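Only the coordinates and a few stated rules stand behind these numbers; no lab work does. Keep in mind that this is a model prediction, so the values were computed, not measured. A quick note on method: Cβ atoms are made from the backbone with ideal geometry, for glycine too, and the neighbour counts reach across all protein chains shown.
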Amino acid sequence: MAPPPGGDDRSPGTATGTGPGDGELVAALMAGDDDAFARIVDAWSPSMLRLARYYVNSDSVAEDVVQEAWLGVLRGLDRFEGRSRLRTWALRIVANIAKTAAQKERRAVPFATGGTEGPGGSGDLPGPGPSVPPSRFWPAGEPRAGAWRTPPHPWPSLPEDEVLSTEAVEVVRQAVAVLPEGQRAVIELRDLDGYDAAEVCDVLGLTPVNQRVLLHRARATVRATVEPYFAEGVVSGERRP
Amino acid sequence: MRTWWRSRRKGGPARSRKERSGPQSRPLSCQELVELVTDYLDGALDAETVARFDEHIAGCDGCATYVEQIRQTARLVGKLDERHLSAPARSRLLEAFRDWKRTTQ
């Protein structure tokens with residue numbers, strides 16, 4: 001197995017990695033530690049809200065779902081067996097409550113929730129087509145068939161740790177916002193919330209293959225959408241008149 | 001995960017016997033590589049395909065740039081703002097926690 005060359009062990013912002021282990025956390029909660037509870041409410045609620053929002057139609061319903069899920073976490077805490085991480089377990093509670101709420105809203109659940117397999121199944125798995133337009137490669141029959149015809153140009157305007165301009169953030173946000181819901185759920189849980197592939201499969205009820213198909217298509221689409229902006233220096237806003 | 005490109009090749013030009021005998025060592029094309037990038041970054045490729053992938057990007061600026069831009073894309077998404085619980089909802093939850101504490105202790 002190749003080591004993940006980047007971006008996969010990140011755990012931005014949430015109570016992972018450097019935080020206390022789940023055993024310690026559960027013990028603190030069981031002991032009634034207000035601060036411990038406030039910390040995980042603040043750290044985990046953003047991804048819980050996003051997850052809920054995939055199932056329900058409005059922000060206010062999503063917020064209700066998340067509140068109810070937190071109450072469910074408290075009610076179930078003494079039965080938490082530690083088979084998964086506490087935050088993964090909490091997200092599963094969100095998904096379950098949100099699905100019920102979505103049924104009440106008479107809205108279809110947006111993506112494959114277990115059992116369905118492969119492109120063409122239910123959910124919004126992309127078809128088997130390429131993630132990069134074939135027109136960017138030399139066609140069959142050419143001496144360089146399959147090689148880049150229009151290769152991507154590096155993004156000089158995107159240094160590693162640059163604080164992005166408001167405009168750049170907006171470009172990325174829009175690119176993510178218009179993705180099909182299943183792709184959006186996966187790319188945000190993976191790349192924004194820092195969940196690993198196994199956790200995302202667990203919470204969304206996806207097979208590992210389907211999870212990667214959704215992530216692959218999502219990242220390729222976002223990359224293609226932002227490409228013209230970052231190739232032209234929109235990030236810093238300095239190069240355009 | 002290699003099956004996809006094997007199946008893609010069915011529709012392609014006929015291969016000589018020699019070529020068919022060693023599909024594993026056949027260099028990846030750029031067009032094939034871009035479809036493997038997520039599996040590559042997730043460590044989901046077998047060692048042999050990883051070797052072909054690494055060999056390709058070592059000699060191909062276009063694909064090296066593409067892989068780097070997929071990494072950059074993941075980082076960009078990671079910079080999007082979080083949506084937070086409203087202050088009243090947060091207060092209600094902290095209150096619920098104190099109630100829960102009273103009833104369980």
Expected sort for A:49-57, B:92-100, A:97-105 on mean C-beta neighbours within 10 Å, highest first, is A:49-57, A:97-105, B:92-100
Square roots of five times the C-alpha gyration tensor eigenvalues of segment A:22-104, ordered largest first and given in whole Å, equal 23, 13, 10
Rounded to a whole number, the mean other protein chain Cβ count within 10 angstrom for residues of A:35-48 is 3
Between residue A:177 and residue B:86, the two model label points (7 Å from Cα along the beta-carbon direction) sit apart by a distance in nm of 2.0
One quarter of the C-alpha convex hull surface, i.e. the mean projected area of segment A:134-230 in nm², amounts to 7.9
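Averaged over B:87-95, how many beta carbons belonging to a partner chain fall within 10 Å of each residue's beta carbon?
4
Averaged over its residues, how many other protein chain Cβ atoms are within 10 Å of peptide A:208-214's Cβ atoms?
Average neighbour count from other chains, rounded to a whole number: 2.
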Here, residue B:58 and residue B:102, labelled 7 Å along Cα→Cβ, have an inter-label distance in nm of 6.8
